[in-house]
Amino acid sequence: MGTELTQAQQEIIAQLKTGFTPTTQEIKDLEKTLSTFQQTAQEITTENYFFNGIYCRKCLVPAGVLIVGKSHKTEHFFVLAGGTMVVWSENVEAVLAPGQIVQAMPGAKVGYAVTDCIVLNFFRTDKTDVEAATEELVEESPFSAYDAYNKLKRSTSLAIGV
């Protein structure tokens, strides 16, 4: 169930859709701004896999959802296994098609699911549980709506359906 977007939300999405390439600070500011909106929150279905020093995080992102992702501390592989997604990170904008593999650099990023998407992130770690891996690989943000399992921490959400 969606809600009407505020003028500020519409402006943010319009800016992102018109070639905006944000700085890390602008992404953090966007995360803070979005965290103040009251709306119907959407959880992101997430599966976690550990094997032989590799952590794979699989997320199912519904079409029309804008996500301000957590800031990762390390380089890792980002694979769009299905769907079409526009992603932004430090001064970069890319439209990804199914099967594309990106060497994701440390830092914050934004994603907009043009269609339903399947996203895979692969990390190198010796950790074997989600909380420990998250602590090692992700910078915690007080504005993130999600816990390590992509379950909502509060009633506002950084994933807005548009």
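Every number here is computed from the coordinates shown, using simple stated rules; none is lab data. Source: prediction; values computed, not measured. Note that each Cβ is placed from the backbone with ideal geometry, even for glycine, and that neighbours are counted across all protein chains shown.
Spin-label model, Ile118 to Cys56: label points 7 Å out along the Cα-to-beta-carbon direction sit 1.0 nm apart. If you take the Cα centroid of the range 116-131 and the Cα centroid of the range 47-69, the two points sit 6 Å apart. Within the range 70-106, whose backbone N sits under 13 Å from a point 7 Å along Cα→Cβ of Tyr49? Of the residues in the range 70-106, 79, 81 have backbone N under 13 Å from the label point off Tyr49. What the Cβ-Cβ distance of Thr125 and Asp147 gives, at R0 = 25 Å and to the nearest 0.05, is a FRET efficiency of 0.85.
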